[in-house]
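What follows draws every value from the coordinates through simple rules; no lab data is involved. Computed from a predicted model, the values in this text were never measured in an experiment. Backbone-built Cβ (ideal geometry, glycine too); neighbour counts: all protein chains shown.
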Amino acid sequence: MIDPDNIKNSAVLQRLPSIDEILGTDELIKIGSEIGKAGSASFARTAVESLRRELQSEMASDDNGHEERSRAKLLARAIEKIRTNFLTERNSRLQKVINATGVIIHTNLGRAPLSDDAKDAVLREASGYCTLEYDIETGKRGRRGALAEKLLAEITGAESAVIVNNCAAAAFLVLKVFASGKEVIVSRGELVEIGGDFRVPDVLAQSGAILREVGTTNRTRLSDYRTAVNGDTGIILKVHPSNYKIIGFTEKPGIGELAELAHQKGIMLYEDAGSGAIFGLDDYGLNDESVIGRSISAGADIVSFSGDKLLGGPQAGLIVGRSDLIEQIRKHPLYRALRVDKLIYAALEATLYSYRRDTAFKDIPVLRMISASLENLTERTNAFAQQLHQGLNANADLKIEVAPGSSVVGGGAAPIVERATRLLTLVHRKLSAGELEHRLRSAEIPVITRIVDDKVLIDLRTVSEGEECELRDILMNIG
Ligand SMILES: *Cc1c(COP(=O)(O)O)cnc(C)c1O
């Protein structure tokens with residue numbers, strides 16, 4: 001039997017626009033000029049498919065409104081879908097944001113912003129052909145990363161250095177080279193998880209090392225380590241518990257004592273310092289961070305740390321220590337798989353030069369932000385608020401005030417360390433805090449903020465002076 005509804009329904013489906021028809025519209029020609037013909041055809045197919053499913057379910061639930069589904073209306077609906085999907089895809093690309101959260105080393109926002117020198121080096125020296133593995137003096141093959149390694153050794157006081165993709169890779173490689181099939185002694189207070197996918201016991205297991213836990217969560221003594229050493233021990237591992245802190249009844253031996261023990265027993269001491277600093281940052285509240293040079297001079301055989309945390313450079317895993325051990329790492333086949341590319345070496349060399357010249361606090365954004373004084377931030381924030389008040393009409397919807405608050409060092413570095421700051425607090429008469437936050441996030445240059453007590457907060461500590469103008473324009477537009 002012929003069902004009249006079915007006939008009507010398939011007539012509607014036949015009115016679905018064809019891919020060619022869609023691709024011929026002005027809207028799609030415009031999108032196509034940005035993403036190419038194959039890309040826009042793929043968007044078109046997805047849209048037609050989704051429209052077909054929508055029509056089928058609409059027609060199953062009501063049989064009215066078939067006239068609403070004219071050819072022209074279906075074409076418009078398809079184009080609307082394409083526009084939405086296209087914009088969603090475009091928003092998901094890697095793009096610059098203004099970090100107004102006050103979290104200095106923000107893992108989700110790319111951790112350390114590069115110094116001007118590092119950016120120049122990436123763009124000017126490394127983005128084309130360059131001397132990655134070429135020695136200008138001899139005209140022969142050179143060694144990749146040799147200068148960055150030399151600078152790194154120099155500023156940490158280590159004999160030698162080698163560089164891999166990130167600190168997780170560094171830890172994995174060190175354990176693989178020196179502790180595969182051997183025991184690794186770690187304090188129970190240091191079996192940490194960092195950022196969800198770096199868990200010390202798992203990294204150990206993957207490298208083929210055998211975990212030998214000692215002590216307790218809050219107290220581990222030198223004698224605990226001493227008792228655990230046996231013929232199968234390969235390494236004493238010290239891990240910086242980067243993202244939490246045990247306070248109260250605690251105890252742990254210093255690097256010096258552990259190094260002495262390791263060397264008496266003929267094994268090595270390896271410290272995964274995580275963030276690691278080149279010099280003490282105690283003046284800025286970072287008294288728990290490992291200073292790499294101090295660990296080396298206290299006797300650590302190998303120390304690894306991240307390039308994009310407190311160092312303030314690109315993502316990298318920096319390994320420093322005894323030259324015989326570093327050489328073994330470099331010769332291991334896994335090193336080849338974990339090595340870094342020319343862009344990273346360029347950014348890293350420039351960053352390390354700042355340390356060597358002793359201009360790191362001036363050049364490197366992370367250090368500038370950490371060391372920015374409250375007086376300076378108060379002055380900047382007041383001046384910025386003043387400009388906004390002048391620019392905004394007296395009965396504008398956006399109300400801006402200045403209030404005390406705190407910034408955090410953040411990321412995998414020192415999430416618990418706070419620095420006093422001045423905040424701009426924003427309240428909008430017509431938008432909720434959530435809507436205002438969304439509006440800022442959707443701006444031409446997305447502005448990332450935080451909400452506390454129904455107010456949107458802007459912390460200029462993590463906004464560079466060069467970005468203030470853009471931020472002001474975005475706020476004025478919303479006001
Ligand atoms: C951050 C951190 C890591 C991971 O470093 P990535 O450079 O992100 O791979 C490893 N160990 C410690 C102690 C850390 O703090």
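Between the C-alpha center of region 49-122 and that of region 251-273 there is a gap of 52 Å. Of all beta bridges DSSP finds with both residues in the chain, what is the antiparallel percent, to the nearest 5? In the chain, DSSP labels about 60 percent of beta bridges as antiparallel. Computed per residue of the chain from DSSP H runs no shorter than four, each worth -39500 (n - 2.57), the mean residue ellipticity at 222 nm is -13000 deg cm²/dmol. Against the chain, whose longest principal axis is taken from its Cα atoms, helix 374-391 shows a tilt of about 10°. Consider all pairwise Cα distances in the chain and report the whole-number % of them above 38 Å. Looking at the chain, the distances longer than 38 Å represent 45 percent of pairs. Mean separation of Cα pairs under 8 Å and 6 or more residues apart, divided by the residue count, gives the chain a relative contact order of 19 percent. Here region 191-296 has an Rg and Dmax of 14.2, 43 Å, counting Cα atoms alone.
May I ask you to derive the relative contact order of region 364-431, considering only C-alpha pairs under 8 Å and at least 6 residues apart, and to give it as an integer percent? Result for region 364-431 is 33 percent. When Cys469, Cys167, Cys130 are arranged by Cβ crowding within 10 Å, least crowded first, meaning fewest neighbours, the order is Cys469, Cys130, Cys167.
The mean sequence separation of alpha-carbon pairs under 8 Å and at least six residues apart, normalised by the residue count of region 159-234, gives a relative contact order of 36 percent.
Annotation: amide H-H contacts under 5 Å for Val97 (H modelled 1.01 Å from N, sequence separation of 5 or more, or interchain): none. Across the chain, the longest run free of exposed loop sites, meaning chymotrypsin sites (Phe, Trp or Tyr not before Pro) lying outside DSSP classes H, G, I, E and B with no more than 12 other Cβ atoms within 10 Å, spans 250-479. Straight Cα distances below 19 angstrom link Lys176 to the lysines Lys238, Lys331, with same-chain residues fewer than 8 positions distant left out. Where a Cα-Cα gap under 19 Å defines reach, which aspartates and glutamates qualify for Lys73, not counting those fewer than 8 residues away within the same chain? Those aspartates and glutamates meeting the cut-off are Asp20, Glu21, Asp26, Glu27, Glu49, Glu54, Glu58, Asp62, Asp63.
The alpha-carbon atoms of region 46-154, seen along their principal axes, cover 80, 40, 20 angstrom, with the largest extent given first. Excluding same-chain neighbours fewer than eight residues apart, the lysines reachable from Lys245 by a Cα-Cα span under 23 Å are Lys309. In region 254-328, Rg over Rh equals 1.00, where Rg is the alpha-carbon radius of gyration and Rh the Kirkwood radius from pairwise Cα distances. Based on every Cα atom in region 129-235, Rg and the maximum pairwise Cα distance Dmax equal 18.4, 57 Å. Put a plus charge on the Cβ of each Lys and Arg, a minus charge on the Cβ of each Asp and Glu, and nothing anywhere else: the dipole of the chain about its Cα centre is then about 640 debye. When you filter the trypsin sites (Lys or Arg not before Pro) in region 384-479 for DSSP loop state and at most 14 other Cβ atoms inside 10 Å of their Cβ, you are left with Arg429, Lys430. Projecting the Cα atoms of Gly321, Leu334, Tyr355 onto the charge dipole of region 274-398, computed from C-beta unit charges around the Cα centre, puts Leu334 farthest toward the positive end. Using a Förster radius of 60 Å, what is the FRET efficiency between Thr216 and Arg93 based on their Cβ-Cβ separation? Nearest 0.05, please. After rounding to 0.05, the efficiency reads 0.80.
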